[in-house]
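Student: Mind looking over this structure? Questions follow.
Read the figures in this text as sums done on the coordinates, not as results from a lab. Since the structure is predicted, the reported quantities are computational estimates derived from the model, not experimental observations. Reconstructed Cβ throughout: ideal geometry from the backbone, glycine too, with neighbour counts over all protein chains shown.
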Amino acid sequence: MTLRFLTRLALGLTVLFTATSCITDDDLDYTGPDPYENVAFGAIVNASPSSGDIFFFADENQVYNGALRYGQSAGYYNFFTGDRNLSIINAVGDTLATNDITLEAGDYFSAFAVNTFDNIELVTYRDSLQYPANGKAMVRFINLSPDAPALNIATQDNTVNFATGLTFKAATSFMPVMAGTYTVTFSDSTTDEEIYTESAVEILEGRNYTIYTKGFVTPPANSNDTFSTDKLRNL
């Protein structure tokens, strides 16, 4: 599923995200200094299988006014700079995991809830919004499947190698890729066994993407959260 991140206001305030909206403004009438001069930008993603509804907070302030279910994402939102404590909380107010992050003006980051629900973690990745060269896009891969082996990731015809031995929670750097439509394979780096194939991965010129794996290679009983990928547009 391809999701386009939307720029919305979350300067430590509760905000509203409408999944069906396109690009929107912050709908505020600013006066005085540039309102974005001390702002960082963050996105939130629930990639923890079987996690149910979780809520993302920055310090004591809810980032998004609703819960995110597994596989859902929201952002980018604006964040105050400085030392921030990010957390994920369940529906009854229990803190499930935290992550401390120092934000500077102009920073972009993504915060992912990951791992099994019993071992849920909150991890952050710094994003790049570098404009690619003509005819190209920038693509990053992250392995967020809790039981997946270290992954080799490449196009099916092996003309493009995206990652070798990508372990759980590891991310590649953003790399330039020719725009086009790809079939991407995810294989066990030790045995070369193919775990998953994602066909018709569309990479558009001028964009930045994060493609992350999620779900279980071998799902536990009563779980339908099988291994799959999601593609997030960063730029």
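Student: Given points 7 Å out from each Cα along the Cα-Cβ axis, report the T102 to N119 separation in nanometres with one decimal.
Tutor: Modelled inter-label distance: 3.0 nm.
Student: Another question, then. If each residue of separation counts as 0.36 nm, what is the full-extension length gain between D188 and A170 once their alpha-carbon separation is subtracted?
Tutor: Extra length from D188 to A170 when fully extended: 5.0 nm.
Student: Using the Cα gyration tensor of segment 44-157, with a ≥ b ≥ c the square roots of its eigenvalues, what is the shape: rounded (a/c below 1.5), prolate (a/b larger than b/c) or oblate (neither)?
Tutor: oblate
Student: In what sequence, highest mean first, do 186-193, 67-74, 166-173 appear when ranked by Cβ atoms within 10 angstrom?
Tutor: Ranked by mean Cβ neighbours within 10 Å, highest first: 67-74, 166-173, 186-193.
Student: Here's another thing I want to ask about it. Using alpha-carbon positions, what is the distance between the centroids of segment 63-87 and segment 181-204, in Å?
Tutor: 29 Å
Student: Hey, quick one: spin label on A91, modelled 7 Å out along Cα-Cβ, who in segment 57-74 has an amide N within reach, i.e. under 19 Å?
Tutor: Residues passing the 19 Å test: 57, 63-73.
Student: Taking the alpha-carbon set of segment 131-235, what are its Rg and Dmax in Å?
Tutor: 13.6, 48
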